[in-house]
Amino acid sequence: MSQAVLAISLFFHILATVVWIGGTLLITFLVIPQVNNVLEDQTALHQILLRIRGRFAQVSNLALVVLILTGLLQMTADPNYDGLLRLDNQWSQVLLLKHLLIVIMAILGLSLQLSVAPALERVSLLLQHGKDGDSEWERLRRKERRLTVMIALLAILILAASAWLVSI
């Protein structure tokens with residue numbers, strides 16, 4: 001593979017990492033806590049969180065696809081790569097760990113997108129129309145916070161595994 005193709009792949013891989021992991025950390029530890037503080041228990045809170053979740057899901061899913069494609073290209077070009085599921089060296093073992101962390105993070109993200117977020121949207125609509133749903137809203141928000149923090153912590157571990165790979 002040419003150096004130019006590898007450089008372009010690496011550029012898009014880093015860009016997608018910044019979007020996916022950087023966005024996850026930014027939203028988890030800065031945006032959502034501040035929005036919650038400012039809009040505590042207001043209808044606007046439901047709307048803004050719904051919009052942030054929806055838009056970030058689109059962007060992060062695209063970033064994940066880019067990460068997978070560019071990551072596969074870079075992995076096969078790396079001299080440490082001996083073949084699929086060949087764990088003969090430390091680099092391959094750490095790469096497997098990184099991939100497992102990514103899979104877990106993606107599963108948690110899908111759970112958030114396909115289960116928790118739609119349920120929050122339904123309860124949000126009930127609340128906007130004056131219906132009772134406060135306890136369900138709080139239960140779902142706690143679940144969302146737990147999943148979001150777990151995803152953010154996995155993101156940090158993935159970055160650590162990436163740093164470890166480069167040092168091998």
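Just so you know, all these numbers are worked out from the coordinates, no wet-lab data involved. Just so it is clear, the model here is predicted, and its values are computed rather than measured. We place every Cβ from the backbone using ideal geometry, glycine too, and count neighbours over all the protein chains shown.
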Farthest toward positive dipole pole in region 3-167 [+1 Lys/Arg, -1 Asp/Glu at C-beta], among VAL66, SER135, ALA77:
SER135
If you plug each phi of region 121-137 into the Karplus form 6.51 cos²θ - 1.76 cosθ + 1.60 with θ = phi - 60°, what whole-Hz ³J(HN,Hα) values come out, in order, with x for Gly and Pro?
5, 4, 5, 4, 5, 4, 5, 5, 9, x, 8, 6, x, 4, 5, 5, 4
Residues whose placed amide H lies under 5 Å from that of ASP82, excluding near-sequence neighbours
none
Short version: ³J(HN,Hα) in whole Hz for each residue of region 8-24, in order, from phi by Karplus 6.51 cos²θ - 1.76 cosθ + 1.60 (θ = phi - 60°), x for Gly and Pro, what are they?
5, 4, 5, 4, 5, 5, 5, 4, 5, 5, 4, 5, 6, 7, x, x, 4
Once phi is turned into ³J(HN,Hα) by the Karplus curve 6.51 cos²θ - 1.76 cosθ + 1.60 with θ = phi - 60°, what whole-Hz value does each residue of region 80-90 show in order, with x for glycine and proline?
7, 6, 9, x, 4, 6, 8, 10, 6, 9, 4
Rank GLN93, MET105, ILE158 by how far each Cα sits towards the positive end of the charge dipole of the chain (+1 on Lys, Arg Cβ; -1 on Asp, Glu Cβ) and give me just the farthest.
MET105
Proximal charge balance of LEU112 [Cβ under 11 Å; K/R count +1, D/E count -1]
+3
Under a Cβ-only charge scheme (Lys and Arg +1, Asp and Glu -1), can you give me the dipole magnitude of region 107-153 about the Cα centre, in debye to the nearest 20?
160 debye
Within region 103-141, whose backbone N sits under 18 Å from a point 7 Å along Cα→Cβ of ASN61?
103-122
Just one of (1) 2, 8, 15, 18, 17, 13, 7, 4, 4, 4, 4, 3, 2, 1, 0, 0; (2) 1, 8, 15, 19, 16, 12, 9, 7, 5, 4, 2, 1, 0; (3) 1, 9, 19, 22, 22, 15, 8, 3, 1, 0 is P(r) over Cα pairs in 5 Å bins from 0, in percent as worked out from the coordinates here. Which one is it?
(2)
Pair GLN47, SER111: separation of 7 Å Cα→Cβ label points (nm)
3.2 nm
If R0 is 30 Å, what FRET efficiency do you get for LYS143 and PHE11 from their C-beta distance, rounded to 0.05?
0.25
